[in-house]
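Let me begin by presenting the structure, written as structure tokens, before commenting on it.
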Amino acid sequence: MKRVLVTGGTGFVGSHVVEVLAQLGMQPVIATRAPLERNFPWEWVEVDYLNRESVDAAVGTVDAVVHSAILNDFNVMQNNRRYAYDSYVVSTQNLSNAASDKPFVFISTDWVMDGTGHMVPEDEPPNPLNIYGVLKAFGEMVVKDRKQLGSIARVGGILGKHRLADQGPRQQDCGFGFFVTTMIEQLSQGNEFTVWIDDNVNMVASPSHATEIGAIIHRMIEREAEGTFHLMANESIGRMELALLAAEVFGLSPDLITQGPVPPEGVFPAAVPRDTSLDCTQTRSILELDSYSVSDYLHMLKREMETGKLEPLTAR
Ligand SMILES: NC(=O)c1ccc[n+]([C@@H]2O[C@H](COP(=O)([O-])OP(=O)(O)OC[C@H]3O[C@@H](n4cnc5c(N)ncnc54)[C@H](OP(=O)(O)O)[C@@H]3O)[C@@H](O)[C@H]2O)c1
């Protein structure tokens, strides 16, 4: 059984990747910066990503690495550039070097693009607008510089519910992710939900689903895929369109959905890419993946929220 180190396996995306890899027959090992509880459900190893010996020791016991860990606080990134650079780039270098002879999957983002394109293909060079995008683009370069077995898994606007925590890191922000599950909760309780529509907001994207991210990464590892891949629905959607579609799929009243500007506490302190939709034609062809729509992903989210189980659409 292949052992796979998942950095940030305690996080929103990582917790899905861990569970799906296990379901599909791999043995996940979570890399984490601080010890976890004794009864934690998965094997874990404490790692200091800036200490090469610590990273080498963790990577030495596995057959592949999925790098999902990030410093997920934009204000900290802006205000502490050294810490941010180390957290994003140096840690990626250390992990990539330690795994130079093993499949290494780097989870990246649609925010490496500047938001002026539409359904941008896998081979389009990044042109990030803010420090988060810049640091992720640097991480992508680390992977591109590898001689072998390096892959970039770009994701965005991710649907899903954190597998190890009650809530994700945010409820709605100027990015495309996070607001759908909060909106469903609010509408289910008969509350209104305001979708942020504003100039400095990510208005169009191709959403990913965290479970599908796990299943596609499983395939990438199995096939020792190399290059850049887009792990998302095969279409773009606008922010309000997504909110209305989610309400329809979940059988909730669209009348409770309003739109409004970003509240002061939500204003993003840097430029935001407007249309981050990515095309996944090359990815689907290389990895022989079926094509799924945003509606397919929302139905999958509904099933997961009803059953508590992850059921990836992408079969082994
Ligand atoms: N969520 C989205 O909508 C979205 C969109 C596009 C791309 N992505 C990408 O998806 C990946 C995962 O994001 P996520 O939303 O799952 O994040 P998350 O829930 O915040 O999880 C990230 C994990 O990284 C670890 N971490 C926190 N601070 C760190 C630091 N300074 N250095 C190293 N590790 C740190 C934490 O694990 P420990 O405390 O256990 O170490 C945390 O659980 C990232 O690569 C991100 O760029 C996410």
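Every read-out reported here was derived from the displayed coordinates using simple, explicitly stated rules and does not represent laboratory data. Since the structure is predicted, the reported quantities are computational estimates derived from the model, not experimental observations. Here the Cβ is made from the backbone with ideal geometry for all residues, glycine too, and neighbour counts use every protein chain on show.
I need Lys147, Lys302, Lys161 ordered by Cβ neighbour count within 10 Å, fewest first.
Values: Lys147 8, Lys302 15, Lys161 22.
Listing Lys147, Lys302, Lys161 from fewest to most nearby Cβ atoms yields Lys147, Lys302, Lys161.
Calculate one ³J(HN,Hα) per residue across the stretch 143-158 by plugging θ = phi - 60° into the Karplus curve 6.51 cos²θ - 1.76 cosθ + 1.60, and present them in order as whole Hz with x for glycine and proline.
Each residue's phi maps through the Karplus curve to give 6, 5, 6, 5, 6, 7, 6, x, 9, 10, 10, 7, 10, x, x, 6 Hz.
Return a whole-number percent for the relative contact order of the stretch 31-163, with Cα pairs under 8 Å and 6 or more residues apart as the contact set.
On the way: 180 pairs, mean separation 31.5, N = 133.
It comes to 24 percent, rounded to a whole number.
Kirkwood-based Rg over Rh for the chain (C-alpha set), two decimals?
On the way: Rg = 18.5 Å, Rh = 19.6 Å.
So for the chain, dividing Rg by the Kirkwood Rh gives 0.94.
Given contacts defined as C-alpha pairs under 8 Å and at least six residues apart, what's the relative contact order of the chain, whole-number percent?
Once normalised by length, the contact order is 20 percent.
Sorted from fewest to most neighbouring beta carbons within 10 Å, what does the list Phe178, Phe229 look like? Please report the intermediate quantities before stating the final value.
Details: Phe178 20, Phe229 27.
Exposure proxy ranking, most exposed first: Phe178, Phe229.
Kindly state, as a whole number, the per residue volume in cubic angstrom of the convex hull around the alpha carbon atoms of the stretch 187-233. Let's see the in-between values first.
On the way: hull volume 4.9 nm³, N = 47.
In the stretch 187-233, the Cα convex hull volume per residue is 105 Å³.
Can you give the local net charge around Pro126? Use residues other than it whose beta-carbon is closer than 12 angstrom to its beta-carbon, Lys and Arg +1, Asp and Glu -1.
Working: positive: Lys136, Lys144, Arg154; negative: Asp110, Asp114, Glu122, Asp123, Glu124, Glu140.
Within the 12 Å Cβ shell, the charges total -3.
Using the charge dipole of the stretch 148-199 (Lys, Arg: +1 at Cβ; Asp, Glu: -1 at Cβ; taken about the Cα centre), state which of Phe178, His162, Trp196 has its Cα farthest towards the positive end.
Most positive-ward Cα: His162.
Using +1 at the Cβ of each Lys and Arg and -1 at the Cβ of each Asp and Glu in the chain, identify which of Met305, Phe40, Phe106 lies farthest towards the dipole's positive end.
Final value for the positive-end residue is Phe40.
Pop out the ³J(HN,Hα) list for the stretch 235-244 in order, Karplus 6.51 cos²θ - 1.76 cosθ + 1.60 with θ = phi - 60°, rounded to Hz; leave Gly and Pro as x.
Once rounded to whole Hz, the list reads 6, 9, 8, x, 4, 5, 4, 5, 4, 5.
Assign one of three labels to the stretch 237-316, namely rounded, prolate or oblate, based on the Cα gyration tensor with a ≥ b ≥ c the square roots of its eigenvalues; rounded applies when a/c is under 1.5, prolate when it is not and a/b is larger than b/c, and oblate otherwise.
Numbers: a/c = 2.29, a/b = 1.30, b/c = 1.76.
Oblate shape, in that a/c is at least 1.5 and b/c is the bigger or equal ratio.
Among Glu222, Glu311, Glu265, which comes first, then next, by fewest other beta-carbon atoms within 10 Å?
On the way: Glu222 16, Glu311 12, Glu265 5.
Least crowded to most crowded, the residues run Glu265, Glu311, Glu222.
Looking at the chain, what % of its DSSP beta bridges pair antiparallel, to the nearest 5?
Working: 2 of 34 bridges.
Of those bridges, close to 5 percent are antiparallel.
Show me the ranking of peptides 151-159, 70-78, 188-196 by mean Cβ neighbours inside 10 Å, starting with the highest. Intermediate values should be presented prior to the final figure.
On the way: 151-159: 25.8, 70-78: 16.1, 188-196: 14.6.
Peptide ranking by packing, descending: 151-159, 70-78, 188-196.
Determine the shape class of the stretch 233-278: with a ≥ b ≥ c the square roots of the Cα gyration tensor eigenvalues, call it rounded for a/c under 1.5, and otherwise prolate if a/b is greater than b/c, oblate otherwise. Let's see the in-between values first.
Values: a/c = 3.50, a/b = 1.28, b/c = 2.73.
Judged from the Cα gyration tensor, the stretch 233-278 comes out oblate (a/c at least 1.5, b/c at or above a/b).
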